[in-house]
1. For segment 117-203, what is the per residue volume of the convex hull drawn over the alpha-carbon atoms, in cubic angstrom?
2. Just the accessible area for Met155, please: 1.4 Å probe, Å², rounded to the nearest 10?
3. Whose amide H sits under 5 Å from the amide H of Met70, counting only residues 5 or more places off or on another chain, with H placed in the peptide plane?
4. Could you derive backbone 3J(HN,Hα) for segment 197-208 from the dihedral phi with the Karplus parameters 6.51, -1.76 and 1.60 (θ = phi - 60°), listing whole Hz in sequence and x where the residue is Gly or Pro?
5. Could you check the simple spin-label distance between Asp3 and Phe153, using points 7 Å along Cα→Cβ, in nm with one decimal?
6. Starting at the first residue of segment 331-347, write each ³J(HN,Hα) from the Karplus equation 6.51 cos²θ - 1.76 cosθ + 1.60 with θ = phi - 60°, in whole Hz, x for Gly and Pro.
7. For the chain, modelled as a GNM with alpha-carbon contacts under 10 angstrom, which of Phe202, Phe164, Phe134 fluctuates the most?
8. Could you name the lysines whose alpha carbon sits less than 18 Å from that of Lys314, not counting residues in the same chain fewer than 8 places away?
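The values are calculated or read from the model by the stated rules, or taken from the named source; none is laboratory data. In this text, all values refer to a predicted model and were calculated from it rather than measured experimentally. Because the Cβ atoms are built from the backbone with ideal geometry, glycine has one as well, and the counts that use them run over all protein chains shown. Surface accessibility is based on the protein's heavy atoms, side chains included, excluding ligands, DNA and RNA. Shrake-Rupley method; radii C 1.70, N 1.55, O 1.52, S 1.80 Å.
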Amino acid sequence: MQDIVISGTGVFTPPHSLSNAELVAGYNAHVDEWNAAHAEEIDSGEMVPKESSSTKFIEKASGIKNRYLMEASGLTEPDRMYPYLSELAEDDPSKTPVQVKMALAAAEKALAEAGLVGSDIDLVIISASVWERFVPSMATELQKILGAKGFAFDMAMGCSSATFGISTAADALSSGMANKALVVTAEYISPLLAYEDRDGHFIFGDAAVAMVLERENECTPKHAFKIKSRKLFTEFSTNIAAGFGSRLMLERERINDPEQRFKQSGRAVFKELLPKVINHINHHMAAEGKTVADFKRMWLHQANINMNMFAARKILGHEPTQDEAPIILDQYANTAGAGCLIAFNNYKHDFKSGDMGMICSFGASYSIGSIIVEKL
Ligand SMILES: CC(C)(COP(=O)(O)OP(=O)(O)OC[C@H]1O[C@@H](n2cnc3c(N)ncnc32)[C@H](O)[C@@H]1OP(=O)(O)O)[C@@H](O)C(=O)NCCC(=O)NCCS
């Protein structure tokens, strides 16, 4: 059985960038309006005033400085506080979802790097955290647009969507179910956030990342990374949750309840998940007979800079450099499942033949997915 390689990757970066200062200005204007509108209730003690947000807090607590969004204006309008539908969705008689268009843009880049076209692909997976539409599947629509053959399906594993997607595709290639796979993590996640919630209004950005997987003997070595091994882990937790879903079709009065959007207990996630991540990475390296010194780079999940620094410091035994554990969340914010693969895409070009690295996602569900790769 031939080894499986990642022969191409591509990132789609949305057209609108929004800095912390712009985000906070919109939020604080909303707070002022809201507090003025509820002044009587606040004065009588019936309501507590909303507190303002701060760029200083956001950057210190998360490392996020900026995010890219499909549509950035509505979520900073004080009396709206949620995005408009993306301009990519307008004037489109095909009604192709924004998420599929994002996936397509990333896929075209990954295919070009792999030296392939859509009709070479016979497995398409869109693996993501949230869905613009459930049925028909997003992946089958992408398959049709690309002219891909074989079969396609959607899968979801929160922040580990890309690593679990790659692992699933690698299995399909190993078993002979498919010959060339396209895995896309298209995170159109900005509609999910409660922008009127100070604790989390800064967390997410939109982005898509695509990966082409092939058998080693069929690919162009120039760009390819061999998948040496994979390790997946899950353990149920509600500390990161998004309550929306078919249930809200029945509980219609709650459909606009911010509580049904994204919620997390950030501190609990730190405390509970990080030891598991460090343990997982150390065990994966050891199971391959390797130590961290054998790895040129770790492309870690990109939710919070303090989490990444803590994990990388524990694993490396020293303060990580951008070279050892690159950060992209400062510009992209938390892009859920896409983050570690955006880091891989942006920080893989200096790898020489034989250099090894580890991709590792961690987050919601809980889930951890690590992939050891070696440059061909
Ligand atoms: C969300 C997160 C950035 C919050 O950081 P934190 O340091 O845990 O911050 P806390 O929520 O404990 O809040 C600390 C204080 O800042 C305040 N605060 C919260 N949001 C604020 C904001 N936007 N502006 C100013 N102050 C804020 C809080 O009210 C709190 O005040 P208090 O100490 O007086 O109660 C962080 O916990 C995180 O990123 N966690 C993990 C995320 C993760 O991995 N998620 C995976 C999802 S894919």
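1. Expressed per residue, the convex hull around the Cα atoms of segment 117-203 is 93 Å³.
2. About 40 Å², rounded to the nearest 10.
3. Asp206
4. Listing the rounded values in order: 9, 4, 5, x, 5, 9, 6, 9, x, 8, 5, 9 Hz.
5. 2.8
6. Couplings: 9, 9, 6, 7, 9, 6, x, 7, x, 5, 7, 5, 4, 4, 4, 7, 10 Hz.
7. Maximum fluctuation in the GNM of the chain, among the listed residues, is at Phe134.
8. Lys271, Lys276, Lys290, Lys296
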